[in-house]
Amino acid sequence: MDGSLGVLPLTEPGPRSWQRSLADAVRDPAELVALLNLPAEFAARALDAARGFPLLVPRSYLERMVPGNPRDPLLLQVLPVDRECQPVDGFHEDAVGEGLSRIVPGLLRKYPGRALMIATGACAVHCRYCFRRHYPYGQEPRRLDEWEPAFAALEADDSIHEVLLSGGDPLVLNDARLEHLVARLESIRHLKRLRIHTRLPIVLPNRVTVELIDLLKRTRLQPWVVVHSNHAAEIAGDCANALRTLVEAGIPILNQAVLLRGVNDSVDALAELSEKLVDLGVLPYYLHQLDRVAGAAHFEVPIDRGVELIELVRRRLPGYAVARYVREIPGERCKTPLA
Ligand SMILES: *Cc1c(COP(=O)(O)O)cnc(C)c1O
Ligand code: SF4
């Protein structure tokens, strides 16, 4: 992934700024393993996988892991493992056919009424199961003027009412860069909603600043923020505060999760995640079946098992707390419901 766009702030970041936290994230498997008191051989086994898709984990996320536990559900999401390098039938670099939906650089158009911008290739964490882990971010716009074909395509199609900022993680962009993107989108009359898909409130909660909330409150577009948490243990301390701050600002917040073997493939894990979210006012939106991306096969949970799990969650929780279990099928006009 490409960290050069937007990570550089316009002004010098203060000692507690999110830019500083991002710069200070752990990138060396040996350091991660030492900080968590795990055997050194874990670091050796991480090296090959980390070469293709480097380790990246902010310290605030690391602090929510339990030291000495090699099966920690947060650790499993970020620690490179040698199995990622073994090819598995049916798992591909472009798992969901995104190449076909890319109508101009930086813009994917798959579903009616909405379009998705690859706002940046950078993230604050590298999730090992990421379906865009092989995405050719290097071909996407970087300089502001390179975005003009995407804006022109949006302008030319008045059936599009919603733009999703995705990536990478759009909140890795600094406020000035975000402001520019949002201002340009606001000028397109038929756009009504701005959706931001981000994992930063979960993995780098100090990104949720007064200035960011201001930006989301000021735009004429209705903001929707979709965060990405997979496990209740992620939603603690600063992360819970960040979500509360967003909710209190009156911005609708949804969560999407990915069903991951060893991380959240139990009724207890899924129910606890939902309860943590709804207690904060965040609605569970999607539970995604893993996209079959090369390197992530060991995370796959069979769909039958997923259906069974979500049915058991449905018997335990109020209807609004149960995420829609879906999968992405290339060529379909919406996500395909599985339960
Ligand atoms: C998932 C996705 C969306 C959003 O789908 P919703 O069902 O509206 O959440 C939009 N565009 C692309 C390319 C997507 O992959
Ligand atoms: S934050 Fe999102 S885009 Fe970035 S690595 Fe994780 S899943 Fe992929």
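Quick notes
- In the stretch 3-50, the qualifying residues are those that are modelled with pLDDT of 75 or more, in a loop (DSSP other than H, G, I, E, B) and surrounded by 18 or more Cβ atoms within 10 Å (Cβ to Cβ), and the one that is nearest to the chain's Cα centre (by Cα) is Ala25.
- For the stretch 97-124, a residue qualifies if it is within 13 Å of ligand 2 (Cβ to nearest atom) and in a loop (DSSP other than H, G, I, E, B), and the qualifying residues are Gly121, Ala122, Cys123, Ala124.
- Taken together, the residues in the stretch 275-314 that are among the small types (Gly, Ala, Ser) and touching a helix residue (DSSP H, G or I) at 6+ places or on another chain (Cβ under 7 Å) amount to 2.
- Qualifying residues in the stretch 161-191 (those that are more than 16 Å from ligand 1 (Cβ to nearest atom) and outside any helix (DSSP H, G or I)) - the one surrounded by the most Cβ atoms within 10 Å (Cβ to Cβ): Leu173
- Residues satisfying the stated conditions in the stretch 192-209, i.e. assigned to a loop (DSSP other than H, G, I, E, B) and surrounded by 15 or more Cβ atoms within 10 Å (Cβ to Cβ): Arg199, Leu204, Val208
- Any hit, the stretch 319-338, residues being of a type in the set (D, E, K, R), more than 25 Å from Ile253 (Cβ to Cβ), within 16 Å of ligand 2 (Cβ to nearest atom) and outside any strand (DSSP E or B): no
- The set of residues from the stretch 283-305 being farther than 14 Å from His231 by Cα, away from ligand 2 (no atom under 16 Å from the Cβ) and part of a strand (DSSP E or B) comprises just one member, Leu283.
- Among the numbered conditions (1) modelled with pLDDT under 95; (2) more than 29 Å from Leu74 (Cβ to Cβ), the only one that Ala183 does not meet is (1).
- Search result, residues across the stretch 99-132 that are over 14 Å from Ser166 (Cβ atoms) and of a type outside the set (A, V, I, L, M, F, W, C): Gly99, Pro105, Pro112, Gly113, His126, Arg128, Tyr129
- Condition check for Leu212: assigned to a strand (DSSP E or B) and in contact (Cβ under 8 Å) with a residue 24 or more places away in the chain: no
- Total residues in the stretch 103-125, condition more than 9 Å from ligand 1 (Cβ to nearest atom) and not hydrophobic (A, V, I, L, M, F, W, C): 5
- Of all residues in the stretch 283-333, those satisfying the criterion of being surrounded by fewer than 18 Cβ atoms within 10 Å (Cβ to Cβ), within 24 Å of His134 (Cβ to Cβ) and modelled with pLDDT under 95 are Ile329, Pro330, Gly331, Glu332.
- Selection status of Leu280, crowded, with 16+ Cβ neighbours inside 10 Å, modelled with pLDDT of 95 or more and more than 16 Å from ligand 2 (Cβ to nearest atom): yes
- Matching option when the condition is surrounded by fewer than 16 Cβ atoms within 10 Å (Cβ to Cβ), among the acidic types (Asp, Glu) and either outside any loop (DSSP other than H, G, I, E, B) or touching a residue at least 60 places away in the same chain (Cβ under 8 Å) (or both), among Asp158, Asp145: Asp145
The values are calculated or read from the model by the stated rules, or taken from the named source; none is laboratory data. Just so it is clear, the structure is predicted and the values come from calculations on it, not from any experiment. FYI the Cβ positions are ideal-geometry reconstructions off the backbone, even for glycines, and counts take in every protein chain you see.
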